[in-house]
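**Q** Dropping a structure here in structure tokens format, bear with me for questions.
We did not get these values from a lab; they are worked out from the coordinates using the rules stated. Because the structure is a prediction, the values reported are computed rather than measured. As a convention, Cβ positions derive from the backbone with ideal geometry for all residues, glycine included, and neighbour counts pool all protein chains shown.
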Amino acid sequence: MSEQDTKKLVLVVFKTAYPNDLSIAEASKRAGVAPNTASTWIKVLTAEGILEESRKIGNAKMYRLKKRYA
């Protein structure tokens, strides 16, 4: 699987979950990729303005797709 395919897969996971937010662990499980891989792409998508950090639960950061991309 190419890097762009993995990025798209992580994005689809967040589109499917919208309007709910997901932790990195949950997103990686749903995408079927390693947590480190999911974390990398979540950070990229956040920097691109597609995802946003919605809240923190303990040490876990929760992310959500921005409304305009839903």
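**Q** With an 8 Å cut-off on Cα pairs and a minimum separation of 6 or more residues, tell me the relative contact order of the chain in percent.
**A** So the answer I get is 33 percent.
**Q** Let me check I've understood the local charge: for Asp21, count other residues with C-beta under 12 angstrom from its C-beta, Lys and Arg +1, Asp and Glu -1. What total comes out? Could you put the intermediate results ahead of the total?
**A** On the way: positive: Arg55, Lys56, Lys61, Arg64, Lys66; negative: Glu26, Glu52, Glu53.
Local net charge: +2.
**Q** For Lys66, which sequence-distant residues (separation of 5 or more, or a different chain) have an amide H within less than 5 Å of its own amide H, given hydrogens modelled in the peptide plane?
**A** Leu51, Glu52
**Q** Under a point-charge model restricted to the Cβ atoms of Lys and Arg (+1) and Asp and Glu (-1), what is the dipole moment magnitude of the chain relative to its Cα centre, in debye to the nearest 20?
**A** Charge dipole, the chain, about its Cα centre: 220 debye, nearest 20.
**Q** Report the net charge of residues surrounding Ala60, where surrounding means a beta-carbon distance below 14 angstrom and charges are Lys +1, Arg +1, Asp -1, Glu -1.
**A** Computed value for this residue: +2.
**Q** Here is a further query. Among the aspartates and glutamates, select those whose C-alpha is under 13 Å from the C-alpha of Lys61, and discard any that sit fewer than 8 residues away in the same chain.
**A** Qualifying aspartates and glutamates at Cα under 13 Å: Asp21, Glu26, Glu52, Glu53.
**Q** Relative to the present Cα-Cα distance, how much length would full extension add between Met1 and Ile57 at 0.36 nm per residue of separation?
**A** Length gained between Met1 and Ile57: 17.0 nm.
**Q** Moving on to the next point. Per the Kirkwood definition applied to all pairs of different Cα atoms, how many angstroms is the hydrodynamic radius of the chain?
**A** 11.7 Å
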